[in-house]
Amino acid sequence: MTMKNLMTQLPLAIAITAASAAVSADDLTVVSWGGAYTKSQVEAYHKPFTEKSGTNIVSENYSGGIAEIKAQVEAGNVTWDVIDLEKADVIRACDEGLLVEIDPATLPKGDNGAMATDDFVDGGLEDCGVANIVWGKIVAFDESQFSGKKPSKLVDFFNTKEFPGKRGLKKTPKVNLERALMADGVPGAKVYEVLGTADGVNRAFAKLDQIKDQVVWWEAGSQPVQLLADGEVSMTTAYNGRIYNASEVEGKPFKIIWDAQFAELDFFAIVKGTKNLDKAMEFLKFSTDTKRLADQTNYISYAPARKSSIALVSDKMMPHMATAPENFATAVPVDHSWWADHQDELNERFNAWLNK
Amino acid sequence: MNTTPDLASNAPEIDPQLKLRLRKAERFLKVRALLLVVPLVVFVLFTFVLPLTEMLYRSIHNPILVDNLPEVAALMRDWDQQQLPGDDIFTAVGKGLVVAREQKTIGRIANRLNSEHAGMRSLLTKSARKLRKYKGDDYKDYMLSLDKRWGEAETWGAFKVLSSEYTLTHYLAAFDMQYNAQGEIVSQPEERQIYVDMLLKTLKLSLLVTLFCVLLGYPLAYYLSILPPGKSNLLMILVLLPFWTSLLVRTSSWIVMLQGQGVVNSTLISLGILSEPLDMMYNQIGTVVAMTHILLPFMILPTYSVMKSISPVYMRAARSLGATPANAFFKVYFPQTIPGLSAGAILVFILSIGYYITPALVGGRTGQMISNLIAYHMQTSLNWGLGAALAGSLLAVVLVLYWIYNRLVGSSQMKLG
């Protein structure tokens, strides 16, 4: 080990060793987002997998991003085996060489006999990840705060005259710029083309300017639900599963506007350098087969990423799925490779804009 | 301690054996003292000095191109940025990309280049895919026909910036500057300038918090110091109780208090004082209020301990010699409290300049501080170099301010308790 390596790796290694001493080597560590979502994964994936293989699964939570994976891989001390990542992060982490590549030909076929490459939804197979759920970045509102006409379209989010009240937005340019353009009249199919020009970016920021002083910014997925519940905002962008939980399970008067939802995928990926590569791969294949993905919808309203699983979803849950036909009609897929190119400069510009 | 050997050397009649034994005994004491502090030294080395050095190193160290495409890096260092690079550079880049694609390093190279110039990521990955099948040897023509961006100065400017192992780009970015395509240092476009503003705002908010802590803490500390012990102990517990409560709990309770439908607003509205809720949250007011509350004990405790040790006799003497109360206070009492006051103020200021959780939770859009951006670059954008450069700049600012403070007040004039 050269001095340079020693300098960069030693402190990281020490910190990580100290943090990871508690987990035994035979366990498989699966990292996900916590809350109701992790619970659904434990029921649908972890428990059956432990039953089948005898491998104990340690469930850890994180709050997104790939900084921790990067730290573990660079320090050469990987304690996370399988991780649930958003699409943008799968692409990024794969680019940075932090994840194990997965050959789609080795994935199990669908129940209907379809090859995995045909069975997963569009974009559901990345070089380093296999999608498990489809979820929607949607707009939700508190029904009790609108006595007369209720909002029903994305445009209404930007119309604070007709639909008064503060708005909740995630503190990131991603998807907010797209929403702004669409509310300004750009059709979903052209959003990224327009956003690719300097004029398009200005136009998106100008539209956001209209509601800037009405916005409460949130960062974690649980915050928008809390903001709605506290009456801090009347309308907010959110993730469909969280709103489902608040309205259907906890009985809050929240409604989802499915118009122009931004469809997103979550992926299972394996951290490069894991000591349990075989088990991790086994777990990944097990939990992304037709039956497991369909089973998860019994516990949470996120849609399975396999077409063959959708047929198995119960009638009760189907209307809450992001991929239900009536919800999906105006859905726009987030273009993550476009964002990979532009995130650095747009994030900087967004931060500067926020600050002004 | 050090008077003993002197005495020994001034007294030649003492037995040399005794001198030797004394030295031995002293050496033993020294070694024992050293051994006692070894754990601390090791601890500080591993938890403070090493990470700090590593961070500063990362802010200038930039090995990605040199390590992965050494030939390209070497050629780019000689390129003068006047016109488009020659065939040799195109060939080196073209061949290098194919190799990097095979070795799976292209993603990292592309991400780093992309942070210098947007769009480099797709340009590199797309070109590498096509170049793999290219059999000819006129790379320049071929690459220019693949994508017109290969003919643009900005593309090559990004390569040039990364061509040496050590670079100042992160520090330039931390001060809203960049290298342009010709290699000159210019300002960032106005809509992307943020870090200088943020640094100034951080200083402003920290100064405000310090000022409020002084204004609120000084009289309270004075009151505590003149009360009889029974009452002052009770009040002291009221100061310490929040101090012992978790930072997160206290910040969240401020959210409950200050938000639009929160305790303060709904009380004021139900009393008829306000008709619309005030915006006291998710802006600079929220940050300053919550931080002042959280940092107040750091002001009160050192000030109190110094005031406690000032005898009331001085004030009485001043009054009996004819000073007005104000005069007595400013000429006699106040100067004696400066050690505690300045210790408290500098504690609060330095703690608040690096504050992170509270602004993140209650600062909203405008109440953010520079640590929130550092955390953002460490956790989200993964631009660790820029994060390190921002942290390095913050460190430099703190050191400069401390130096100025030391010149004005003097560090000996500081007493923590």
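Here are the numbers for this structure:
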{"read-out": "Helices (runs of 4 or more DSSP H) contained in region B:233-345 and holding at least 2 residues closer than 20 Å to B:TYR218 by Cβ, of a type outside the set (Asp, Glu) and within 28 Å of the chain's Cα centre (by Cα)", "value": "B:284-308"}
{"read-out": "Candidates B:ILE237, B:ILE255, filtered to the one that is within 14 Å of chain A (Cβ to nearest Cβ) and either of a type outside the set (D, E, K, R) or surrounded by 14 or more Cβ atoms within 10 Å (Cβ to Cβ) (or both)", "value": "B:ILE255"}
{"read-out": "Qualifying residues in region B:272-300 (those that are modelled with pLDDT under 90 and over 21 Å from A:LEU227 (Cα atoms)) - the one surrounded by the most Cβ atoms within 10 Å (Cβ to Cβ)", "value": "B:LEU274"}
{"read-out": "Qualifying residues in region A:120-151 (those that are assigned to a loop (DSSP other than H, G, I, E, B) and touching a Leu at 6+ places or on another chain (Cβ under 9 Å)) - the one farthest from A:ASP95 (Cα to Cα)", "value": "A:VAL121"}
{"read-out": "Qualifying helices (runs of 4 or more DSSP H) (wholly inside region B:63-165; at least 2 residues being more than 14 Å from chain A (Cβ to nearest Cβ))", "value": "B:70-78, B:87-102, B:120-131, B:139-146, B:153-161"}
{"read-out": "Residues (under 26 Å from B:GLY387 (Cβ atoms) and open to solvent by 60 Å² or more (accessible area, probe 1.4 Å)) located in region B:61-88", "value": "B:ASP67"}
{"read-out": "Residue match in region A:122-138 (condition: more than 16 Å from the chain's Cα centre (by Cα), modelled with pLDDT of 95 or more and open to solvent by less than 50 Å² (accessible area, probe 1.4 Å))", "value": "no"}
{"read-out": "Of all residues in region A:104-114 being over 23 Å from the mean Cα position of the chain (by Cα) and modelled with pLDDT of 90 or more, the one that is least open to solvent (accessible area, probe 1.4 Å)", "value": "A:GLY110"}
{"read-out": "Every residue from region B:89-104 that is open to solvent by 50 Å² or more (accessible area, probe 1.4 Å) and at pLDDT 90 or above", "value": "B:LYS95, B:VAL99"}
{"read-out": "Residue list for region A:56-103, restricted to those being more than 14 Å from chain B (Cβ to nearest Cβ), open to solvent by 20 Å² or more (accessible area, probe 1.4 Å) and in a loop (DSSP other than H, G, I, E, B)", "value": "A:ASN56, A:GLY76, A:ASN77, A:THR79, A:ASP103"}
{"read-out": "Where a residue in region A:187-200 is more than 12 Å from A:ASP335 (Cβ to Cβ) and its partner, wherever it lies, is assigned to a helix (DSSP H, G or I) and open to solvent by 30 Å² or more (accessible area, probe 1.4 Å), with Cβ under 6 Å and at least six apart", "value": "A:GLY200/A:VAL194"}
{"read-out": "Any pair with Cβ under 7 angstrom, 6 or more apart, that starts in region A:74-88 at a residue that is touching a residue at least 12 places away in the same chain (Cβ under 8 Å) and ends at one that is aromatic (Phe, Trp, Tyr)", "value": "A:VAL82/A:PHE268; A:VAL82/A:PHE283; A:ASP84/A:TRP33; A:ASP84/A:PHE268; A:LEU85/A:PHE267; A:LYS87/A:PHE267; A:ALA88/A:TRP339"}
{"read-out": "Matching entry among B:LEU408, B:LEU382 (being within 14 Å of chain A (Cβ to nearest Cβ), farther than 28 Å from A:LYS166 by Cβ and modelled with pLDDT under 90)", "value": "B:LEU382"}
{"read-out": "Whichever residue in region B:178-221 is within 14 Å of chain A (Cβ to nearest Cβ), open to solvent by less than 50 Å² (accessible area, probe 1.4 Å) and in a helix (DSSP H, G or I) and, among such residues, is farthest from A:GLU345 (Cα to Cα)", "value": "B:LEU205"}
{"read-out": "Region A:203-224 - residue that is more than 12 Å from chain B (Cβ to nearest Cβ) and in contact (Cβ under 8 Å) with a residue 60 or more places away in the chain and, of those, surrounded by the most Cβ atoms within 10 Å (Cβ to Cβ)", "value": "A:PRO224"}
{"read-out": "Residue match in region B:223-232 (condition: under 24 Å from the mean Cα position of the chain (by Cα), buried (at least 17 other Cβ atoms within 10 Å of the Cβ) and of a type outside the set (Ser, Thr, Tyr))", "value": "no"}
{"read-out": "In region B:305-324, residue surrounded by the most Cβ atoms within 10 Å (Cβ to Cβ) [restricted to those that are in contact with a helix residue (DSSP H, G or I) (Cβ under 7 Å, 6 or more places away or on another chain) and not charged (D, E, K, R)]", "value": "B:VAL306"}
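So that you can scan it fast, the table gives a plain yes or no per residue for (1) within 14 Å of another protein chain (Cβ to nearest Cβ); (2) touching a residue at least 40 places away in the same chain (Cβ under 8 Å):
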site: A:PHE267; (1), (2): no, yes
site: A:LYS291; (1), (2): no, yes
site: A:ASP295; (1), (2): no, yes
site: A:ALA305; (1), (2): no, yes
site: A:ILE310; (1), (2): no, no
site: A:HIS320; (1), (2): no, yes
site: A:GLU345; (1), (2): yes, no
site: A:LYS356; (1), (2): yes, no
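Yes/no per residue for (1) open to solvent by less than 80 Å² (accessible area, probe 1.4 Å); (2) over 46 Å from the mean Cα position of the chain (by Cα); (3) over 30 Å from B:GLY392 (Cβ atoms); (4) modelled with pLDDT of 90 or more:
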position: B:ASN2; (1), (2), (3), (4): no, no, yes, no
position: B:LEU7; (1), (2), (3), (4): no, yes, yes, no
position: B:LYS30; (1), (2), (3), (4): no, no, yes, yes
position: B:LEU34; (1), (2), (3), (4): no, no, yes, yes
position: B:VAL42; (1), (2), (3), (4): yes, no, no, yes
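The values are calculated or read from the model by the stated rules, or taken from the named source; none is laboratory data. Nothing here was measured: the structure is a model prediction, and the numbers come from that model. Counting neighbours? That spans all protein chains shown, and the Cβs are built from the backbone with ideal geometry, glycine included. For the accessible areas, the whole protein counts, side chains as well, though only heavy atoms, and no ligand, DNA or RNA atoms are used. Shrake-Rupley method; radii C 1.70, N 1.55, O 1.52, S 1.80 Å.
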